[in-house]
Amino acid sequence: MFSKTAVWRLLSLVFLLGYPTTALAADALNAGDTAWILVATALVLFMMIPGLAMFYAGLVRTRNVLSVFMHCFAITAIITIIWTFFGYSLAFTPSNPIIGNFSKAFLIGITGDSLNGSIPEVVFFVFQLTFAIITPGLFVGAFAERMKFSAVLWFSGIWCVVVYLPITHMVWGDGGWFANMGVLDFAGGLVVHITAGSAALAAAILVGQRTGYPTTPMPPHNMTMNLAGTAMLWVGWFGFNGGSALAANGQAGMAVVVTQISPSVAALVWIAIEWMKSGKPSALGFATGAIAGLAAITPASGTVGPIGAIVIGCVSSIVAYWAATWLKRKVGYDDALDVVGVHGFGGLVGTLL
């Protein structure tokens, strides 16, 4: 009925008509963006293991160092499983303003070719996974030295499902409640730091004070370890904030710039306060101030410039110092490693400013 020539011409026409669509789909993937988010993912995971583990381990007493490391490593594993099974789906599928659905549970329907903007969706999945991992890692410092290992795992897992997933969807999800309100949270001031600070306060009150607190001195056992952890967190934060642009562009570049400025200002302000009050600065004060400045710049890193970073760094350091010293003593809660003051109030300052 048809000659071989006609058949080949028809097949060629079909191929040519389909080719532009294939080319456009391939062009939508940006190799530079993908490479940067892969690097940023590694940096954020580096913040948790070993960065945060070393930061906290240096602050506790010697007998509790291994338990702090185990908390951070075990949380990394359990949150990875939750995120893979259903966490990512509930956080980032459009369903209603409060929570998503299970349509992407176990990464159903997601392949290496599936895209989220200009990057593969699997890269977006693992980048957001590192945020879900480090958030419960932050609040374990509040009840350090006085919660059983099994209780830490149960609390972290349940908290992730009940608190982190809905908040993430409401702030960053398609059609989320806070997103619809116009809330600006570029890299996690509300999603990460305020939620972690709130959980830290609740847990510290729930488990009560350490034996001997506040009359017995409980100095950090190894400030060298703490400062090494601070350095890892500081460097990793470039991925935390710069990666949140989800592209290798000018916004990512500015986010990295302000992420360097804010902690520098905050650390200097903190030791300046110590200098005036006690006559000398401390390594612990520098480290704590720097982390407060990093927490505060996180929600604003995609929307402010250098001057904004200076203001946020200065204000966050003053507020975090007040919360970690006067407020904690006044209220009487035992926030062992100042998670409430540094992350809770630091994130709040950055989100508001």
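Within region 112-137, being in a helix (DSSP H, G or I) and surrounded by fewer than 18 Cβ atoms within 10 Å (Cβ to Cβ) holds for one residue alone: 122.
In the set 42, 31, only one residue is surrounded by fewer than 19 Cβ atoms within 10 Å (Cβ to Cβ), within 17 Å of residue 133 (Cα to Cα) and either at pLDDT 95 or above or within 17 Å of the chain's Cα centre (by Cα) (or both); that residue is 42. Restricting the search to region 86-101, which residues are of a type in the set (Ser, Thr, Tyr) and either assigned to a helix (DSSP H, G or I) or within 18 Å of residue 158 (Cβ to Cβ) (or both)? Passing the criteria: 88, 89.
Can you go through 123, 183 and tell me which one is of a type outside the set (D, E, K, R), touching a helix residue (DSSP H, G or I) at 6+ places or on another chain (Cβ under 9 Å) and at pLDDT 95 or above? The unique qualifying residue is 123. Which one is nearest to residue 219 (Cα to Cα), of the residues in region 316-353 that are over 21 Å from the mean Cα position of the chain (by Cα) and assigned to a loop (DSSP other than H, G, I, E, B)? Only one residue tops the list, namely 334. One residue stands out in region 90-111 among those that are in contact (Cβ under 8 Å) with a residue 60 or more places away in the chain and under 18 Å from residue 160 (Cβ atoms): the one that is surrounded by the fewest Cβ atoms within 10 Å (Cβ to Cβ), namely 98. Could you check region 285-320 and list, in sequence order, the residues that are touching a residue at least 60 places away in the same chain (Cβ under 8 Å) and of a type in the set (Val, Ile, Thr)? Those that are touching a residue at least 60 places away in the same chain (Cβ under 8 Å) and of a type in the set (Val, Ile, Thr): 291, 298, 303. Selection of region 269-284 for residues being closer than 17 Å to residue 227 by Cβ and either touching a residue at least 40 places away in the same chain (Cβ under 8 Å) or in contact with a strand residue (DSSP E or B) (Cβ under 8 Å, 6 or more places away or on another chain) (or both) yields 270, 283, 284. Here residue 67 fulfils each of the conditions (1) part of a helix (DSSP H, G or I); (2) surrounded by fewer than 16 Cβ atoms within 10 Å (Cβ to Cβ) apart from (2). Of the numbered criteria (1) farther than 30 Å from residue 304 by Cα; (2) crowded, with 17+ Cβ neighbours inside 10 Å; (3) at pLDDT below 95, the one residue 78 fails is (3). On the stretch given as region 171-209, residues that are over 30 Å from residue 328 (Cα atoms), in contact (Cβ under 8 Å) with a residue 60 or more places away in the chain and either of a type in the set (Gly, Ala, Ser) or assigned to a helix (DSSP H, G or I) (or both) total 6.
Condition check ((1) under 28 Å from residue 320 (Cα atoms); (2) buried (at least 16 other Cβ atoms within 10 Å of the Cβ); (3) not aliphatic (A, V, I, L, M)) across all residues:
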| residue | (1), (2), (3) |
| --- | --- |
| 139 | yes, yes, yes |
| 167 | yes, yes, no |
| 176 | no, yes, yes |
| 179 | yes, yes, no |
| 202 | yes, yes, no |
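Within region 148-207, the set of residues being of a type in the set (Val, Ile, Thr) and in contact with a Leu (Cβ under 6 Å, 6 or more places away or on another chain) comprises 171, 194.
Of the helices (runs of 4 or more DSSP H) lying entirely inside region 221-299, those carrying at least 3 residues that are in contact with a helix residue (DSSP H, G or I) (Cβ under 6 Å, 6 or more places away or on another chain) and farther than 20 Å from residue 50 by Cα are 250-278, 283-297.
One residue alone among 302, 332 is under 23 Å from residue 144 (Cα atoms) and not hydrophobic (A, V, I, L, M, F, W, C), and that residue is 332.
Within region 50-57, does at least one residue satisfy the condition of being in contact (Cβ under 8 Å) with a residue 60 or more places away in the chain, crowded, with 24+ Cβ neighbours inside 10 Å and farther than 24 Å from residue 213 by Cβ? Talk me through it step by step, then tell me what you get.
Taking region 50-57 and keeping what is in contact (Cβ under 8 Å) with a residue 60 or more places away in the chain, we get 50-57.
Narrowing the set further to residues that are crowded, with 24+ Cβ neighbours inside 10 Å leaves 51-57.
Still in the running and farther than 24 Å from residue 213 by Cβ: 51.
So far as region 50-57 goes, yes, one or more of its residues are in contact (Cβ under 8 Å) with a residue 60 or more places away in the chain, crowded, with 24+ Cβ neighbours inside 10 Å and farther than 24 Å from residue 213 by Cβ.
The values are calculated or read from the model by the stated rules, or taken from the named source; none is laboratory data. This is a predicted model, so every value here is computed, not measured. Note that each Cβ is placed from the backbone with ideal geometry, even for glycine, and that neighbours are counted across all protein chains shown.
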